[in-house]
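The values are calculated or read from the model by the stated rules, or taken from the named source; none is laboratory data. Treat the numbers as computed from the prediction; the structure is a model and nothing was measured. FYI the Cβ positions are ideal-geometry reconstructions off the backbone, even for glycines, and counts take in every protein chain you see.
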Amino acid sequence: MAKKKTYFLCSNCGHKEPKWLGRCPDCGEWNSFSETSPEAARATPAGRDIKVTPVQSIDQVEMSPHIRTPSGIGEVDRVLGGGIMKGSAILIGGEPGIGKSTLMLQLSGKAAEKEAVFYVSGEESPGQIKMRAERLGVSGPDLNILADFDLTHIVTELELLKPDLVIIDSIQTLFAGEAGSVPGTVGQLRFCCHELISWAKENNSAIFLIAHVTKEGTIAGPKVIEHMVDTVLYFDQSDSELRILRSTKNRFGSIDEIGLFLMDSKGLNEVMNPSGIFLEKRKDDVPAGISIASIYEGSRILMVEIQALTVPAKGNASRVYSDRIDSQRVSRVAAVLEKHGGIRFSDQDIYINIAGGLKISEVGIELPLALAIYSARTGLSLPPRLASSGELSLSGEIRSVSHLKRREKAASEMGYSQFYAPAPGKEPEKIKKVLNNIFHSN
């Protein structure tokens with residue numbers, strides 16, 4: 001009798017190997033290989049017909065005028081690019097207890113006012129879902145719930161209900177007999193995701209897949225799951241109440257937008273005017289090491305506080321501690337200050353933080369970052385009503401950034417009467433001159 005062919009699949013990145021390895025050669029993860037078979041990967045739930053789409057010219061393809069629908073939650077629509085795309089698959093991940101299920105249940109309630117919604121939970125009973133729904137004020141005859149983890153049963157109910165929106169909470173709990181014996185394995189995740197996404201696209205329904213995250217903060221399971229969906233959203237926690245929804249992949253929109261929510265006992269509330277939500281309210285002068293930045297995130301301006309601290313290095317080499325701004329960017333700004341600003345940082349450990357916990361990659365943060373680091377090193381405070389924005393080049397020049405008028409207006413509305421930023425089209429200023437004008441003009 002011929003031996004059944006199998007291969008080994010990495011649970012972290014989906015890499016295939018003909019034999020078991022202790023460490024994945026692709027992603028470097030240890031003990032991540034599990035055995036699977038081609039038959040399991042090709043299997044489909046019993047009774048499900050696979051629809052075949054005929055080949056056609058792109059000019060013959062017809063688009064529905066209602067291809068994108070509002071979710072009822074403005075911050076979610078902002079991150080998705082204007083609403084929920086019909087036939088799309090959206091993966092949403094975040095730490096346990098951050099509010100993924102709360103957000104999806106609130107979204108289900110809003111969507112159920114206009115269309116049929118199917119909410120599947122493999123982690124809670126119908127009574128638990130109902131209890132949370134009452135607390136959130138969610139109800140409606142078109143919001144259908146199912147507490148089950150069997151894929152065949154879920155697909156059967158999908159065929160009967162034909163919902164417009166499907167929520168799966170969570171994808172790691174689903175189980176298909178054709179894909180192996182243990183829920184949550186690589187084979188199960190790939191198989192269940194493929195079947196649900198295929199059904200959604202064939203029936204022009206949108207589907208949200210809630211996913212757990214690993215201790216490193218990435219979505220658990222093989223990386224191939226992120227390749228299978230159209231959009232990947234991450235739900236981050238900034239402080240005890242603020243939640244940040246951001247996109248790392250979006251086939252139908254930008255990945256620059258963020259959604260902001262405040263969590264309370266009645267669920268998640270949208271932050272309508274987030275301009276100054278990340279600013280500390282102070283009555284006294286600004287301490288040394290603090291600068292205010294006007295940054296452009298997606299389509300809106302946010303005012304944020306950069307906090308810097310420098311202390312003598314504890315070892316032979318200086319180190320940078322920064323998880324809100326890329327540490328390499330901090331090192332580069334410090335090097336430019338040392339070269340062109342006339343102050344030494346090579347013997348200093350540098351600590352950087354953003355008040356409120358927002359992660360920033362926008363280039364306009366570089367001038368405020370340089371001012372905060374210089375202020376921390378010299379002990380000189382910035383003017384209390386000063387905000388800034390600008391790019392710092394390796395040659396020590398401060399360059400202009402986009403949307404300058406909007407940045408200045410946002411700063412003015414928050415009470416910052418001084419705004420320092422290079423004007424577009426003019427010769428860039430040197431960082432040495434900027435530092436002298438701000439810190440040593442008196």
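Just a few scattered comments:
- Hits in region 45-78 - residues which are of a type in the set (Val, Ile, Thr), assigned to a loop (DSSP other than H, G, I, E, B) and either at pLDDT 85 or above or in contact with a His (Cβ under 9 Å, 6 or more places away or on another chain) (or both): VAL55, ILE73
- Checked against (1) in a loop (DSSP other than H, G, I, E, B); (2) of a type outside the set (S, T, N, Q); (3) within 33 Å of the chain's Cα centre (by Cα), PRO383 passes all but condition (3).
- Among (1) surrounded by 15 or more Cβ atoms within 10 Å (Cβ to Cβ); (2) at negative phi, the one test that ASN437 misses: (1)
- Condition check for ASP323: at pLDDT below 90, surrounded by fewer than 22 Cβ atoms within 10 Å (Cβ to Cβ) and touching a Pro at 6+ places or on another chain (Cβ under 7 Å): no
- Residues in region 110-128 that are under 26 Å from the mean Cα position of the chain (by Cα) and surrounded by fewer than 21 Cβ atoms within 10 Å (Cβ to Cβ): 4 in all.
- Out of ASP150, ASP169, sole residue that is of a type in the set (Asp, Glu), modelled with pLDDT of 90 or more, out of contact with any His (no Cβ under 9 Å at 6 or more places or on another chain) and surrounded by fewer than 20 Cβ atoms within 10 Å (Cβ to Cβ): ASP150
- Listed by position, the strands (runs of 3 or more DSSP E) contained in region 79-183 that have at least 3 residues being within 30 Å of SER34 (Cα to Cα) and in the same structural domain as ASP236 (by TED's automatic domain parsing) are 89-94, 165-169.
- Of all the listed residues (MET104, MET131), the sole one being among the hydrophobic types (A, V, I, L, M, F, W, C) and either without any contact (Cβ under 8 Å) to a residue 12 or more places away in the chain or surrounded by fewer than 15 Cβ atoms within 10 Å (Cβ to Cβ) (or both) is MET131.
- Condition met for LEU302 (at pLDDT 85 or above and surrounded by fewer than 18 Cβ atoms within 10 Å (Cβ to Cβ)): no
- Only one of SER346, SER361 that is under 20 Å from SER400 (Cβ atoms), of a type in the set (S, T, N, Q) and either surrounded by fewer than 17 Cβ atoms within 10 Å (Cβ to Cβ) or not assigned by TED's automatic domain parsing to the domain that holds THR248 (or both): SER361
- Among residues of region 406-429, those that are of a type in the set (A, V, I, L, M) and surrounded by fewer than 15 Cβ atoms within 10 Å (Cβ to Cβ), counted: 1
- Candidate set from region 186-218 (those that are part of a strand (DSSP E or B) and either in contact with a Cys (Cβ under 9 Å, 6 or more places away or on another chain) or farther than 19 Å from GLY259 by Cα (or both)); member that is modelled with the lowest pLDDT: VAL213
- Residues of region 278-294 include none that is surrounded by fewer than 19 Cβ atoms within 10 Å (Cβ to Cβ), assigned by TED's automatic domain parsing to the domain that holds LEU380 and without any contact (Cβ under 8 Å) to a residue 40 or more places away in the chain.
- The requirement of being touching a residue at least 12 places away in the same chain (Cβ under 8 Å), part of a helix (DSSP H, G or I) and either closer than 17 Å to GLY276 by Cα or not aromatic (Phe, Trp, Tyr) (or both) is not satisfied by LEU358.
- Search result, residues across region 386-442 that are touching a Gly at 6+ places or on another chain (Cβ under 6 Å) and without any contact (Cβ under 8 Å) to a residue 40 or more places away in the chain: ILE398, PRO422
- Strands (runs of 3 or more DSSP E) lying entirely in region 237-341 (those with 1 or more residues that are of a type in the set (D, E, K, R) and touching a helix residue (DSSP H, G or I) at 6+ places or on another chain (Cβ under 8 Å)): 242-250, 267-270
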